[in-house]
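Written below as structure tokens is the structure these notes are about.
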Amino acid sequence: MPFEKLLRVVFQNISRSKKNFIFSSIGIIVGITTFTFFLALSEGIQDRVLNRIFPIDQLEVEPIGGVAASASDATGDTSGGMGDVLGGGPRRLDSKAIANLAATQGVAKAYPKMRARFPGKIETGVLDRRMAGEGFVEGLEVSPAVLNEMKGFEAQCSEEEQDQCKRREVSCVIDAECPHEGMACVDATGELMATRSASSTASRGVCKPREYWRAFTDRTPADVCRQASECGPGNVCGVDRWIILKVRDKTHIEPIKAAVAALTHPTLDLDYYVAIADVGDVVPGDAIAAERVQGEVWRLGADFAEGAEAELSQRKVTLRTFDDVAGVTAHLASLAAALTAGTCLGAPCQLEQVEDGIGHWLYFDIYDNHRGNCDPGRYCAARNVLSVDGRCEAYLPVAMNPLMIDFYNSNVVSQLGTQPLPNPCFILGLKGYFRFGFSFLRDDFDTVWQKIRWAEIVGFTDKAMHLGGTVPLPYVERLNRFYLGPESTTFYDSVLLQIPRNEDVAGVIEGIQKQSFDLSRSSSFARKAGEMLMIVTLTFLLISIIIIVISAMNISHTFLMVVYERQRELGVLRAIGATRWDIRLIILSESLFIGVTAGFVGNLLSYGVSRLVNLGAGSLRERFPMIPDDFFVYGWPLVVGSMAFAVLFCVVGAWIPANRAAKLDPAVVLTQA
């Protein structure tokens, strides 16, 4: 039968039995509506809620028992106690364990994480409001994937938001030559001139608006050098050393401090600092402190307390014993010949006043004081909060989790009465400081060990910690060593595993458990939430399929009635030359039309109901910013697949009536009629 005639017959038959076909398609419409509604809702919650908080393509792994199980106390003692002796203690996440986890089948990349395990506070100013709190810092291994994610996030900033950084291009060698802090000196490839080797600084760059994500790297120069020319602009070749001085006679302290302060070297910038100067014996704690800061213990007439000599011999600490002040002076004079190499460090600088003298609650006064005599883009990092002397350093680059903006908008804004941040890009370049060694919640370190380090927000990544700042891993390693000793840098707190294929997740989890590690609480919660979402979705899909199956049975019954009512008509068609396949095709085409129509109407109803749900949830978004603007994801695969599903069940339901109609004997039918 020609296609045009087939269509004409189908539409004529449907128009004659509209009521029957409408009632038979209602079940299909309801089934498809519920089917697409819950699938779109499941996909939306997975993609726009769960994946936003706990990305599905990554798992965070930590020692069994949590992060606290990897370290027994804040001193870096990670023996694990009797559990390790008996072989039952938690396994450390050291470099070897990280390599084994990275080699697990299905894992594309492993990102080690190390938390700052010492107290600290953070203070910043947003929209003229001072905000302070406990400072939580985590170190993350920097990789191209992390930088690309931060780059993509920053690229979402509009031209209008970046307009404050638009300035005329100026030739430069260092950032300090740029006319605005929102600009950076880059070469022709876009790389920061500050990160190039000293041999390539002869070529000049151009000042362009900053790409903040490029700053998420270890910006502390640490190359071995012999003179300042090997260290690049703004840096010197120097040696920093902290000294713990113990004397018998108090009058010896000031002459020794003066001699140390006057120390010079023909090619190296020396900064020897007497951090502790006491009258009394050398105690075991002096050895521990000196090892932490990679310093020296000097004794002038002081004796050793019990256990001090044993502690010094066990630790990598230089002990210098002097008979008198002249011996100290002679030692300092000999350094000019003894020291031939140093490390690339920031240029020396001075603050206007001691940071501890300003106080804890005067953020903007501390901000005005922090630059010292350093070039733009750097600040004066004092030795500690008791000293005005320090070295110029680049700001500590901090990456944040985008969820922090939601936390700010939902909680901080209502508490402080400030304006919400409609776009995270507004806080790129925002500065604040960490006061390491000080805490609102824990015991502080002695003031001599407390130091302020300034930081700036340079980007966003979902690999950052949810509450706190994430910095390149080497910064946290150095800080943990300074406050807790070298042992604290031999293990990590967790590792983030990147898993590109969702079907590999189960196998990776099994591999993690075989290696005596466990998922972090957040990853475990994400897995449980995903499983619950899947169960709920499957339940409603099963209900939808049952509705559609019942509807298909109803369609079969409807077509059986239609075939019975149209026996004579079908007999006439057979008598005038219609084949059995033509009769079958007419019935199946009618069911196909019903399936397409019901699928289309079902999708429209599903989409309409989803808009009502989104509208109803709008009033909750101010209190719960995690609620997305749209809970549902309607993709073409879902729409086309649901319509194909409707057509399939309609055709299946009409198959038996179509076969029965095709088998009618025209002679018998016409005779009976």
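The values are calculated or read from the model by the stated rules, or taken from the named source; none is laboratory data. Source: prediction; values computed, not measured. Every residue, glycine as well, gets a Cβ built from its backbone with ideal geometry; the counts of neighbours run over all protein chains shown. When the accessible area is computed, the model is the full protein with side chains, heavy atoms only, and any ligands, DNA or RNA have been set aside. Shrake-Rupley method; radii C 1.70, N 1.55, O 1.52, S 1.80 Å.
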(request) Using per-residue counts of other Cβ atoms within 10 Å, averaged over each peptide, order 227-240, 107-120 from highest down. (result) 107-120, 227-240
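Express in % the proportion of alpha carbon pairs of the range 180-328 at distances exceeding 18 Å.
Of all Cα-Cα distances in the range 180-328, 67 percent exceed 18 Å.
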(message) Let me check I've understood the local charge: for Val328, count other residues with C-beta under 14 angstrom from its C-beta, Lys and Arg +1, Asp and Glu -1. What total comes out?
(response) +1
(request) Over the range 207-258, with every protein chain in place, what whole percent of the accessible area is carbon and sulfur at 1.4 Å, could you tell me? (result) 48 percent
(message) Taking the Kirkwood radius as the inverse of the mean 1/r across Cα pairs, report the Rg/Rh of the range 260-401.
(response) 1.03
(message) For a protection proxy built on the mean count of beta-carbon atoms within 10 angstrom, sort 256-262, 367-373 highest first, please.
(response) 367-373, 256-262
(request) Could you provide, to the nearest whole Å², the per residue accessible area of the range 412-531 with probe 1.4 Å? (result) 41 Å²
(request) Could you work out how far the C-alpha centroid of the range 580-604 sits from that of the range 283-310, in angstrom? (result) 90 Å
(message) I'd like the GluC sites (Glu not before Pro) in the range 266-344 restricted to DSSP loop residues with at most 15 other Cβ atoms within 10 Å, sorted by number.
(response) Glu306
(request) Could you list which residues have their amide H under 5 Å from that of Cys172, counting only those 5 or more apart in sequence or on another chain, with H placed in the peptide plane? (result) Gly205, Val206, Cys207
